[in-house]
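Trainee: Before I ask anything, let me first share the structure, which is written out below as structure tokens.
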Amino acid sequence: MLVICIMKLKWIPYLLVAIVLCCVSCTKTEETISEKTAKVGIRSVGNQLLKVQNDTASLVLPVVRQSKNVYKLSFENSLSFDPADLNAIVSNVFNKTPLPKAYVAEVLLCETQEVAYSFQIIGKAEENLIPCGGRILPEDCYTIQFTFAEDDTAPKQDTTLFYSLVFLVLAFLAFVFYSRYTAYHTELKNKKATNLGSFSFYPEQNKLVKAAQEISLTQKECELLAIFVAHINQVVKREELTKRVWEDNGVIVGRSLDTYISKLRKKLKDDASIKITNVHGVGYKLEIER
């Protein structure tokens, strides 16, 4: 039964995959935009640093992303600058971009990769680590490496959105599966009908159906008919009928059986091939002409 339900829902996994892939695609797009923004901002730092030196001819080489949050700025030629100028330029440029406001900037010697100068921005002015400026760095080949702290807003928003959508899709999948399973179970239950001449007998729904007409049965009528259906063309003793239908309720009324048999006969009278006959002194028999 579960296999059939799953087959009916075979399109749902494709919907789930499509939405998840869409979310992943959107998340990647957000990361790409952040990288481009970082490179534009860092390149602007390089351009302004050269302008402070009145250098309008040298090139700022392409900004390289070293790892997830690490970028390196390189120059075509050697240069000399005041670290205070670098501090001011970086602060001015980064405050105009959506880049993380916490980062470490390191001025590295190209040949040895030793740190010639560095500073750290945490966010609060009193917590920032900025060595004194004024000591001009001698002309040499330098690269400037920026290491950004994890962004506390954008990545988390992307991640939250992604998992929220996945949760909603899984919840939707569970809801649809349950709905379909319930519908299928009900449908299967409804199909548990017994053909009784021109009637369809639904014991779990206490009803007979003939063509489009539904004939309601009481609980005891239904129980009696179910016993007869299980013993078609066989004599069922009065004692057995009484015991199975009434004794469980703790009450046995002498004429109750005959009364209910009479009611069943009236409800089955539209089909002449069905008869409930009285076998004198023994019980009753449901006869159906084949």
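Trainee: Please compute the length gained on full extension between Ser273 and Ala211, using 0.36 nm multiplied by the number of residues separating them and subtracting their Cα-Cα distance.
Mentor: Residue separation times 0.36 nm, minus the Cα-Cα distance, leaves 20.7 nm.
Trainee: Taking a 20 Å limit on the Cα-Cα distance, which of the listed pairs Lys68/Lys101; Lys51/Lys124; Lys36/Lys96; Lys51/Lys101; Lys39/Lys96 fall beyond it?
Mentor: In this structure, Lys51/Lys124; Lys51/Lys101 exceed 20 Å between Cα atoms.
Trainee: Okay, moving on. How far is it, in nm, from the label point at Glu111 to the one at Thr160 when both lie 7 Å from their Cα along the line to the Cβ?
Mentor: 5.1
Trainee: Greater than 18 Å separation of Cα atoms is the criterion. Which listed pairs, Lys192/Lys243; Lys192/Lys267; Lys210/Lys275; Lys210/Lys269, meet it?
Mentor: Lys192/Lys243; Lys192/Lys267
Trainee: Quick check: residue separation of Asp258 and Val235 times 0.36 nm, minus the Cα distance between them. What number comes out in nm?
Mentor: Full-extension gain reported as 6.8 nm.
Trainee: I've got another one for you. Could you tell me the distance between the Cα centroids of region 85-106 and region 255-290, to the nearest Å?
Mentor: Region 85-106 and region 255-290 have Cα centres spaced 96 Å from each other.
Trainee: Please list, by residue number, everything in region 112-150 whose backbone N is under 16 Å from a paramagnetic label point 7 Å out along Cα→Cβ of Ser67.
Mentor: Residues 145-150 fall inside that zone.
Trainee: Oh, and also: How do Arg43, Arg135 rank when sorted from fewest to most other Cβ atoms within 10 Å of their own Cβ?
Mentor: Least crowded to most crowded, the residues run Arg135, Arg43.
Readers should treat all values here as calculations from the given coordinates under stated rules, not as data from a laboratory. In this text the structure is predicted, and so the values were computed from the model without any measurement. Don't worry about glycine lacking a Cβ; one is built from the backbone with ideal geometry, like all the others, and counts go over all protein chains shown.
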